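To start, the structure itself, in structure tokens.
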Amino acid sequence: MSEKPELTGSSGSAGSSGRAEESGDKFQNPVAGFGVTFKAMFKKRLTEQYPETPKVTAPRFHGRHQLNRHPDGLEKCVGCELCAWACPADAIYVEGADNTEEERYSPGERYGRVYQINYARCILCGLCIEACPTRALTMTNEFELANTTRESLIYTKDELLAGLQEGMVDSPHAIYPGMDEQDYYRGVVTEAAAGTVRQTAVSKGEGDKPDEDPIESTRAADATRHDKGVDA
Ligand code: SF4
Ligand code: SF4
């Protein structure tokens, strides 16, 4: 014969001990809750006082990008577009152009004429800086990139280019006399040569004469079109 299971329920000694435990919990639970509060009063506060006290990021934090310069102020970017091709978010736009002796932005043959990063797309993954062959592109610790318009989230070369430090002359300017591009990467050039002056940035429209006669310039343009056989 099988034994009958013992019934537990509302009657008997089991029921009275259950009620006692229940009333004990009613008293202990609030006390335990206040205990947590009491212990937290003596712990170090975790509240961030941002933006009054800006957060200090880890040294290798991935923040806003920077386009670096050589020690004499020439730009490291050679306009190769490798960063743009490496970007999984299609956030970088680069247009390269040729340097000339009259308007030189980098020691080599080419430079980045147009450079844009769209921070509405960028996920700050850092793949672009891994792809850059000249260490022209690195990332800073700046993280305050939020803005209210899409246009303002597209950073242009002027905004991304590193500032001038001591011994630098703003680009465009001539290469250090007697040096070649390789010397720049060997670290031989440590500052701008004495007497280095900034060249006129003709490609940016700085070469236009402000007092140019508009009638004369129109005539010159008409003559050019006529020579090429193009109708106005
Ligand atoms: S950090 Fe990543 S997402 Fe942002 S531009 Fe570089 S490769 Fe593209
Ligand atoms: S930042 Fe580097 S990878 Fe990008 S175009 Fe310039 S040199 Fe090339």
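The values are calculated or read from the model by the stated rules, or taken from the named source; none is laboratory data. Since the model is a prediction, treat every value here as computed from it, not as a measurement. Every residue, glycine as well, gets a Cβ built from its backbone with ideal geometry; the counts of neighbours run over all protein chains shown.
Some points to look at:
- For segment 151-161, a residue qualifies if it is over 12 Å from the mean Cα position of the chain (by Cα) and surrounded by 11 or more Cβ atoms within 10 Å (Cβ to Cβ), and exactly one does: S152.
- Residue under evaluation I175, criteria (1) away from ligand 1 (no atom under 16 Å from the Cβ); (2) in contact with a Phe, Trp or Tyr (Cβ under 6 Å, 6 or more places away or on another chain), criterion not met: (2)
Yes/no per residue for (1) within 16 Å of ligand 1 (Cβ to nearest atom); (2) in contact (Cβ under 8 Å) with a residue 40 or more places away in the chain; (3) within 30 Å of G195 (Cα to Cα):
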residue: R45; (1), (2), (3): no, no, no
residue: F61; (1), (2), (3): yes, yes, no
residue: H65; (1), (2), (3): yes, yes, no
residue: R69; (1), (2), (3): no, yes, yes
residue: D72; (1), (2), (3): no, yes, yes
residue: C87; (1), (2), (3): yes, yes, no
residue: A91; (1), (2), (3): yes, no, no
residue: D98; (1), (2), (3): no, no, yes
residue: Y105; (1), (2), (3): no, yes, yes
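- Only one of the numbered conditions (1) part of a loop (DSSP other than H, G, I, E, B); (2) of a type outside the set (S, T, N, Q); (3) at pLDDT below 85 is violated by E21, and that is (1).
- Residue within segment 113-121 that is closer than 21 Å to D98 by Cβ and either touching a Cys at 6+ places or on another chain (Cβ under 8 Å) or away from ligand 1 (no atom under 16 Å from the Cβ) (or both) present: yes
- Lone qualifier among T156, T149, T190 - being without any contact (Cβ under 8 Å) to a residue 12 or more places away in the chain and farther than 15 Å from G63 by Cα: T149
- Segment 102-143: number of residues that are more than 14 Å from ligand 2 (Cβ to nearest atom) and either touching a helix residue (DSSP H, G or I) at 6+ places or on another chain (Cβ under 7 Å) or part of a helix (DSSP H, G or I) (or both): 4
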